[in-house]
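Chemist: Supplied in structure tokens, the structure appears directly below.
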Amino acid sequence: MKFVLLYSALVANILTNIGFKLSAINDAIPVKKWGYLGIGLVFGLINSVLFTESLKYVNFGEASAVFFALTVIGLYGSSYFIFHEPVNSIGLIGVVLITAGVIIISYSMTKVKGV
């Protein structure tokens with residue numbers, strides 16, 4: 001249950017930022033701009049509630065490391081697959097390093113807990 005809340009917050013955070021990006025690229029069409037912004041804000045609220053609830057079950061350091069690192073990876077993938085923005089080898093190396101960091105932090109946190 002503890003990671004369900006955290007990963008749900010992660011998805012909501014990525015959707016928040018996708019909504020903001022869609023709002024920005026639809027600047028010339030006010031209905032779309034404000035609609036996407038509103039959707040982004042709703043997902044932002046959902047993200048905040050879910051992340052806060054996850055902190056009841058996961059320590060702050062572990063939750064933050066996983067949440068923010070995977071958000072960066074999710075947004076990097078979204079920028080490529082949804083918005084067709086360019087991806088380069090240096091960015092991909094960064095994704096690999098972030099992933100390795102999340103694995104190391106998660107592993108070290110389970111060792112500290114004695115799990």
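Chemist: Student exercise: in the range 2-113, how many lysine pairs 8 or more apart or on different chains have Cα atoms under 27 Å apart?
Modeler: Eligible lysine pairs with Cα atoms under 27 Å apart amount to 7.
Chemist: Also, I was wondering about something else. Explain nothing, just the number: relative contact order of the chain, from Cα pairs under 8 Å at least 6 residues apart, as a whole percent.
Modeler: RCO, the chain: 28 percent.
Chemist: If you don't mind, another one. For the chain, set up a GNM with springs between Cα atoms under 10 Å and report which of Val87, Val95, Val11 has the largest fluctuation.
Modeler: Val87
Chemist: To continue, here is another question. Once the Cα atoms of helix 30-54 and of the chain are each reduced to a long axis, what angle between those two axes, in degrees from 0 to 90 to the nearest 10, is obtained?
Modeler: Taking Cα atoms only, the helix is inclined about 10 degrees.
Chemist: Next question. For each of Ile14, Ile105, Ile90, count neighbouring Cβ atoms within 10 Å of the residue's Cβ, then give the residues from fewest to most.
Modeler: Ile90, Ile105, Ile14
Chemist: Okay, moving on. For the range 2-113, what's the radius of gyration and Dmax over Cα atoms, in angstrom?
Modeler: When restricted to Cα atoms, the range 2-113 yields Rg and Dmax of 15.8, 52 Å.
FYI, it's all coordinate maths here, none of it is from the lab. Since we're looking at a predicted model, the values are computed, not measured. Every residue, glycine among them, receives a Cβ derived from its backbone with ideal geometry; neighbour counts consider all protein chains shown.
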